[in-house]
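Student: Here's a structure for you.
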Amino acid sequence: MLIPNGSRVLETPRLLLRPFAETDGEAMYRNWTSDPEVARYVTWNVHQSPDESRALCRMWEEEAKNPLKFRWAMVLKETGEPVGSIDVVSLNEEWAEGEIGYVSSRSGWGKGLMTEAYKAVMAYLFDQCGFETLLARHDIRNPASGRVMEKCGMSYTHDEEFCGKNDYVGIVSCYRITKSRWQALQP
């Protein structure tokens, strides 16, 4: 059974994971939503202005009042600026199962930031929110995303077809981890 704890503030060595605020819109636009390279393998199109990112942050700030919404801004402690997001993009309450989605600014690629954030979110969802299974998937054209999932202990399950933005039809690789597997992997 899920425990509706919502998006509590989480901390890692280099990141503060916290709910989004409308004021994050400028940094979000500057750091990732305006970058076509970042948007290449995600489900959303590049934002056309900071106003678009601000509106999204405003919506997310309002959604954060729902204790069954789990979404965090990844704030780099060194700069105090959001450099990505991580959230439960779909939720099955009956099965206590959620799918995690994430995106990072290009400046964070290859530095282990997403793995750091992902592990913190997994620990929170399993240990404090009652999740039994977490899922994730990535476009097969983006294998780096799959490596993040593997570093977090997730296992590849299968590939499936999906319909993406702009009528794109592609293949995603799907991953899964159970709470018992997560616990077995902990030191």
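The values are calculated or read from the model by the stated rules, or taken from the named source; none is laboratory data. Owing to the predicted nature of the structure, the values given are computational and were not obtained by experimental measurement. FYI the Cβ positions are ideal-geometry reconstructions off the backbone, even for glycines, and counts take in every protein chain you see. In case anyone asks, the SASA skips ligands and DNA or RNA and just uses the protein heavy atoms, side chains included. Shrake-Rupley method; radii C 1.70, N 1.55, O 1.52, S 1.80 Å.
Student: Name the residues in the range 84-119 that are among the small types (Gly, Ala, Ser), under 23 Å from Ala21 (Cα atoms) and open to solvent by 20 Å² or more (accessible area, probe 1.4 Å), would you?
Tutor: The answer is Ser90, Ser107.
Student: Give all pairs with beta carbons closer than 6 Å in which a residue from the range 17-44 that is in contact (Cβ under 8 Å) with a residue 60 or more places away in the chain and over 18 Å from Trp60 (Cα atoms) meets a residue that is of a type outside the set (Lys, Arg) and part of a helix (DSSP H, G or I); count only pairs at least 6 apart in sequence or on separate chains.
Tutor: Val38/Trp32
Student: Identify all residues within the range 156-177 that are of a type in the set (Ser, Thr, Tyr) and surrounded by 12 or more Cβ atoms within 10 Å (Cβ to Cβ); write none if there are none.
Tutor: Within the range 156-177, Tyr156, Thr157, Ser173, Tyr175 qualify.
Student: Could you tell me which numbered condition Val46 fails, if it satisfies all but one of (1) open to solvent by less than 70 Å² (accessible area, probe 1.4 Å); (2) out of contact with any Cys (no Cβ under 9 Å at 6 or more places or on another chain); (3) not in a loop (DSSP other than H, G, I, E, B)?
Tutor: All conditions pass for Val46, except number (3).
Student: Looking only at the range 3-21, count how many residues are open to solvent by less than 20 Å² (accessible area, probe 1.4 Å), part of a loop (DSSP other than H, G, I, E, B) and on the phi < 0 side of the Ramachandran plot.
Tutor: Count: 3.
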